[in-house]
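Asks: Take this structure, written in structure tokens, and hold onto it; I'll ask about it next.
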Amino acid sequence: AKCFSGNRPSYFVGNGILLKLFVTFLHFFQLARIQTDIVVEKLKELHPDVHFEIGKRSLSNIFVNVNIYILYIFVLKIGEKSLFTKELENALEKISFMVDLFVHSLKDLPTVLPEGFTIGSVLKRENPHDAVVLHPKHKGKFLESLANKSVVGTSSLRRATQLKKIFPHLEFKDIRGNLNTRLKKLDEKDGFSAIILAAAGLRRMDWENRISQILGPDDCMHAVGQGAQAVEVRARDQDILEMVSVLNDSDTVLKCIAERAFLKHLVGILLHCNTPHTSKFSASLLQSSVSHDPSEIILIC
């Protein structure tokens, strides 16, 4: 049986190795668990000799139970990029010796990772575009057919900045929470005529029936890495790197490398990671846009 390197012990099951796996959430989002399960199921298919046991622990409990050496899939899903980066780096500093895998939505993963960590794999991408979800009373309509001054909810400055240019008759207001919370706010109140969400998240939650309209790149270019899942690992852990590398989808990897390279270059110039950024990949052409001010979009092709 293959022994994995590192400070944790090997747990043997028959001729294989048992890796006890805990799914850890900063927020217990249903989507985060679904995305983690996707990775786990693929790993099970590709590594039948490895037995996975899945559980959940809070971040604080992990800090206390530092003597438990197990395989973690660490799911970090936080709305604000600055908070995401801060919490991730704090977690890595405190428990990096016992964490083996981090599962991310790639669009939430910083372009510069903490020293000693790398992206081990990027899975096949779902639809990267944004989707319109209408209030039930507007069923059958589209953004362009909504009444003047209709309110559209989005938590993304990137989306609002682009859509204001295309649909000036609409008002865009902030809406927060996970997918379940945002849909509940849309359906239970009359404050929003529609909300904008990532199509990939709706599909993974099996809510495709709520999609009223897919926004193409001419209306709203998607975020860098949107729709893709990434597995982050320790750069020195060759055993784990080898295990997760089989999850790579070459087409997705190439496109996301181009998008993230563009974003990394922009961050270096602007020194502000909250700058709205987006990209469109077609053949060998990467089209992107960046906005420093919500009233102005600079196209870079």
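The values are calculated or read from the model by the stated rules, or taken from the named source; none is laboratory data. In this text, all values refer to a predicted model and were calculated from it rather than measured experimentally. Positions of Cβ are backbone-derived with ideal geometry, glycine not excepted, and every protein chain shown enters the neighbour counts.
Asks: Give all pairs with beta carbons closer than 6 Å in which a residue from the range 181-203 that is farther than 20 Å from Ser150 by Cα and assigned by TED's automatic domain parsing to the domain that holds Arg158 meets a residue that is of a type in the set (Gly, Ala, Ser) and not in a strand (DSSP E or B); count only pairs at least 6 apart in sequence or on separate chains.
Replies: Ala200/Gly227
Asks: Kindly provide the set of residues from the range 125-140 that are over 17 Å from Val152 (Cβ atoms) and either crowded, with 22+ Cβ neighbours inside 10 Å or more than 13 Å from the chain's Cα centre (by Cα) (or both), ordered by number.
Replies: Pro128 - this is the single residue of the range 125-140 that is over 17 Å from Val152 (Cβ atoms) and either crowded, with 22+ Cβ neighbours inside 10 Å or more than 13 Å from the chain's Cα centre (by Cα) (or both).
Asks: Further question on the same structure: For the range 145-252, list the helices (runs of 4 or more DSSP H) that sit wholly inside it and hold at least 3 residues that are more than 30 Å from Glu115 (Cα to Cα); which are they?
Replies: Helices (runs of 4 or more DSSP H) meeting the threshold: 157-166, 179-188, 199-204.
Asks: Taking only the range 141-177 into account, find how many residues are more than 23 Å from the chain's Cα centre (by Cα) and touching a residue at least 60 places away in the same chain (Cβ under 8 Å).
Replies: 5
Asks: With the requirement that a residue be under 22 Å from Leu254 (Cα atoms) and of a type in the set (A, V, I, L, M, F, W, C), what does the range 115-137 give you?
Replies: If the condition is that a residue be under 22 Å from Leu254 (Cα atoms) and of a type in the set (A, V, I, L, M, F, W, C), then Phe117, Ile119, Val122, Leu123 are the ones that fit.
Asks: Here is a follow-up. Residues in the range 251-258: is at least one modelled with pLDDT under 55, buried (at least 20 other Cβ atoms within 10 Å of the Cβ) and outside the structural domain of Asp108 (by TED's automatic domain parsing)?
Replies: no
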